[in-house]
Structure formats: structure tokens, C-alpha cells
Amino acid sequence: MSTDNYTSPLSERYASKEMQYIFSQDMKFRTWRRLWIALAETEKELGLDITQEQIDELKAHQDDINYDVAKEREKLVRHDVMSHVYAYGQQCPNAKGIIHLGATSCYVGDNTDIIIMSEALKLVRKKLVNVLAELAKFAEKYKALPTLAFTHFQPAQPTTVGKRATLWMQEFEMDLEDLDYVLGSLKLLGSKGTTGTQASFKELFDNNNEIIDKIDPMIAQKMGFECCYPVSGQTYSRKVDTRVANVLAGIAASAHKFSNDIRLLQHLKEIEEPFEKNQIGSSAMAYKRNPMRSERIASLSRYVMIDALNPAITSATQWFERTLDDSANKRLSIPEGFLAIDGILDLCLNVVDGLVVYDKVITKHLMSELPFMATENIMMDAVKKGGDRQELHEKIRQLSMEAGKHVKAEGKDNDLLELIAADESFGLTLEELQENMDPAKYTGRAEYQVEQYLKNVIQPILDANKDVLGMTAEINV
């Protein structure tokens, strides 16, 4: 490993080998050659003087790319596509005259970008489905475990641990819907020429529009796509990149929200992310168990959300049929967005798979607040015994304030039930009051909602994606 030059932490620390390959030089230039073969085959099938021997020669050297020749040629001509046309031609002397025939650089560049983004979205989708699968197991397991809910991070009416997990799941499920839509809408550029008019093909095919109309559909079919964008300038619309980046940003936002909740719960000692036997939480404070995985999710997620601005600004500032100020930006923003979201989803999968739930702490926190939340039930019981609702409401308000003072100002336990039992207006014993302290009475339909959500929304997704389930994720550092 070289230590005297910059290396991206996205590849060194965060992204999987599978995602790194998708954005590798081999993937890029092998796809260029597949596209040149598809173009030559299409032109042959439509009547140009191209032989099967030439096609076979191109296929024989599809994957053994002579990078050294291309690199030396680029130093001379300062053009990456023409350098690789030259290098391919050196390996295929009989076919070199028909490589890239009628095409412009964006034929290989832009079509490859679409193909690579499509493959990367498929990998993101696979990992997103697995995150949903692990969260579904967690939600099912803890669907009935009562826990304090929070609004404004203040104690609120109880929910269940499983119900809270469905809130995380629903956001990821919405991301999956967006991803499927964008992935399903991706089309190839095809071969449109220098300004999108296909002028070169009018020359090659003697103005025969019927034949020229077949070029793009045939290329798309050979490359595994249904169709090409019907119109373009020299490039496909950069709005396509914006749509893809927005999907990644949406997943990042969902992951960030999930990681924030885990970090807060870990502070409360209710739920913890995995912590390995020899893991060090702090260089100074040996006792610490920092939520470093969740913090890393949040950190990378912010990067992806901000990164989505790059394609949007690039799309907005393209001039007419094309400008080249997109190129350098695309080389950074698209791969890095995917590499980062890949690392984020691996972290999410790792965290969910190893979440530790401390149910006794959860119950302790809930029971310390439950008397306040039970006051409406207590008031109704007192009314049944002949009490005046309006008077009892005011008394409960006053006693709640007093109990709150005992907790916050004096550091005592919540003694609201004792205060109510001591007030003859309520006519209730402490034992009768404690009968209202079953947390399950206050979680509403939370358990039922979990069951219905898993059954009606998540299970159909998992059933339809059985072939990609069962992933695990290793964290590099």
C-alpha cells in the first residue's frame, strides 16, 4: 500500500469491494468496449460493411485492456476516448477502422455512466432491502415491549420499542419506492452524435430514417436496457444524475434519523449499538461505550445529503447542447455519493443486526413517568366513586406539579401516586392506584400497528426479494 499520496477514506475505510468494483477503471473501460461491440454489431445488422471476423476480433479483446498503450496515447492527444479507441485498435488491427464508427465520445462515456449508476443502484437496493429485513426482525421481537415515547425529547404517551422501529422502517421503505422508480426510469443515451441530431448516421445510412430509428433500440437491447432517451443534446440530460443523487440523499436522511435515535437511546442506556469485546471507546476514559457506528452513519449521511447539490447545480448550468463543466464534477460527486451510501447501509445493517436492548432500564424509565400519564384514568376512577371531575382535575394538576418538583428540584422518586392516595378527595387507596400502572394499558394500538405494518407492507417486499436476503456487513475500522 502506498503511503506517500492521498487515498480516499471512502475506499480505504467505508465502501465495500463490490461497490468499489462498480466504479473501477476495469468496469468503466470494459463497458466502453462492450458498447463499441454493440455499436458495430448493430451497424453490421443494419447493413454496413462490417464483417463477423471484425466483431469476433473485438470480442476477443473485450476484457484485456492495454492500459499502458492508452495512457501513453492520451499524453499525446489529450483525449481519453480517442486514446482508448487507438489502444483497442492496436489489439484489433482488422477491426480498428470500424471502432466508434459514427459515434461521439459521449456514446461510450454517457452510456457507461448510466450503466454504472444502474448497477450501483441495484447494489444499494439489495442492501436497503436487507436493512428492512433486519429491522423487521427487531420490530417483531419487541413489538409489545412498552417504552417511553418522546415528543420534543420530553416524555410522552408510551409506545413500544417495536413500534418505534417501524418509524425507521417506513422511511427506508419510502426510499426503496423512490429508488425503484428512478432505477426503472433509467434509459441509455444511445448513439445521438455530437449535438444529438444523429447527423453522422444520416451519412452512413443514406438518409434512411427507417433504418436509423432502429439503432438506439438495438443498442439498448444489447446492453440490457429497454430503450434510450428519445431526445438529447450531446449528453443525456444531467437531470438524470440529480434524480439518482436525490435517491441517495433520501436514504442518507433516513439513516441519519435512525442513527440519531440510537445515539439518544444509548445515552439513556435503553438500547446500544454493537460494542466489540476489545473495542476502545475513549483514549482517556476507559469506561466509555461511544456509539461510533451510529456517529459514522450520521457523518457520512451529511456528506451524501450535501453531495446531492453537485448534480443539481451541474444540471442547472449546462449550456444548450452541452458544456464540459460537468465532467470533473461527475467524476467526483456520483462515485463518492454511491461509495458513501454503500458504507452507510453496511453500517446500518451491522448496527441493527447487533442492537442490544436493556428492557429493565426501559421499564424503569417508563415507570418513573407513568404516574403522570395515568392521571386521566385515575381521575375517571375517582369520578366513579362520586368525585367531581372539575375539582379532581385541578387537584391532580396541583399534585402533579408538586411531584414534579420533588423529582426535579429535590432529586426524589416520583411520588404522585402517594400524594393522590393521601388526598381523601379521590377516595382511592395506593393499591387501587397501582392497578393503573400496567404500561401495556397506555401503548394504544402500537403492538397491533407493528403486526399490520409488517404483514401488509414489509412482508410483501421481503417475499418479492427472497433472493437477495441474508446479507451481513463487516465494518473495516
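The values are calculated or read from the model by the stated rules, or taken from the named source; none is laboratory data. Keep in mind the model is a prediction, meaning the values are calculated, not measured. Cβ placement follows ideal geometry from the backbone for every residue including glycine, while neighbour counts extend to all protein chains displayed.
E418 meets the stated requirement of being surrounded by 11 or more Cβ atoms within 10 Å (Cβ to Cβ) and free of Cβ contacts under 8 Å to residues at least 40 places away in the same chain. Here G162 does not qualify as exposed (fewer than 14 other Cβ atoms within 10 Å of the Cβ) and under 30 Å from A252 (Cα atoms). Of everything listed in (1) out of contact with any Asp or Glu (no Cβ under 8 Å at 6 or more places or on another chain); (2) without any contact (Cβ under 8 Å) to a residue 12 or more places away in the chain, the single unmet condition for T317 is (1).
Looking only at residues of the stretch 362-402 that are small (G, A, S) and under 48 Å from the mean Cα position of the chain (by Cα), we find that the one that is nearest to I271 (Cα to Cα) is S368.
Among the residues of the stretch 87-100, some residue qualifies, meaning at least one is hydrophobic (A, V, I, L, M, F, W, C), closer than 30 Å to P335 by Cβ, free of Cβ contacts under 8 Å to residues at least 40 places away in the same chain and in a helix (DSSP H, G or I). Kindly provide the set of residues from the stretch 183-212 that are charged (D, E, K, R) and either within 17 Å of T104 (Cα to Cα) or within 29 Å of the chain's Cα centre (by Cα) (or both), ordered by number. Those that are charged (D, E, K, R) and either within 17 Å of T104 (Cα to Cα) or within 29 Å of the chain's Cα centre (by Cα) (or both): K187, K192, K202, E203.
For the stretch 435-450, the criterion of a residue being aromatic (F, W, Y), exposed (fewer than 15 other Cβ atoms within 10 Å of the Cβ), under 30 Å from N350 (Cα atoms) and within 33 Å of the chain's Cα centre (by Cα) is satisfied by at least one position.
Does A144 satisfy the criteria of being of a type in the set (A, V, I, L, M), assigned to a helix (DSSP H, G or I) and either modelled with pLDDT of 95 or more or assigned by TED's automatic domain parsing to the domain that holds F225 (or both)? It is false that A144 is of a type in the set (A, V, I, L, M), assigned to a helix (DSSP H, G or I) and either modelled with pLDDT of 95 or more or assigned by TED's automatic domain parsing to the domain that holds F225 (or both).
Across the stretch 286-303, the qualifying residues are those that are outside any helix (DSSP H, G or I) and touching a residue at least 12 places away in the same chain (Cβ under 8 Å), and the one among them that is surrounded by the fewest Cβ atoms within 10 Å (Cβ to Cβ) is R289. Taking the stretch 322-376 as the range and being free of Cβ contacts under 8 Å to residues at least 12 places away in the same chain and under 24 Å from H79 (Cα atoms) as the test, the residues that pass are T323, L324, D325, S327, A328, R331.
Listed here are the residues, each with its yes/no results for (1) assigned to a helix (DSSP H, G or I); (2) surrounded by 13 or more Cβ atoms within 10 Å (Cβ to Cβ); (3) hydroxyl-bearing (S, T, Y).
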position	(1), (2), (3)
M305	yes, yes, no
P311	yes, yes, no
S315	yes, yes, yes
Q318	no, yes, no
L324	no, no, no
L339	yes, yes, no
V352	yes, yes, no
H365	yes, yes, no
P371	yes, yes, no
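Kindly evaluate K71 against the criterion of being at pLDDT 95 or above, touching a Ser or Thr at 6+ places or on another chain (Cβ under 8 Å) and assigned to a loop (DSSP other than H, G, I, E, B). So K71 fails the test. Checked against the criterion of being more than 30 Å from E12 (Cα to Cα), without any contact (Cβ under 8 Å) to a residue 12 or more places away in the chain and surrounded by 12 or more Cβ atoms within 10 Å (Cβ to Cβ), the stretch 384-392 has at least one qualifying residue. Among the residues of the stretch 421-434, just one is more than 18 Å from Q398 (Cα to Cα), among the charged types (D, E, K, R) and exposed (fewer than 14 other Cβ atoms within 10 Å of the Cβ), namely E431.
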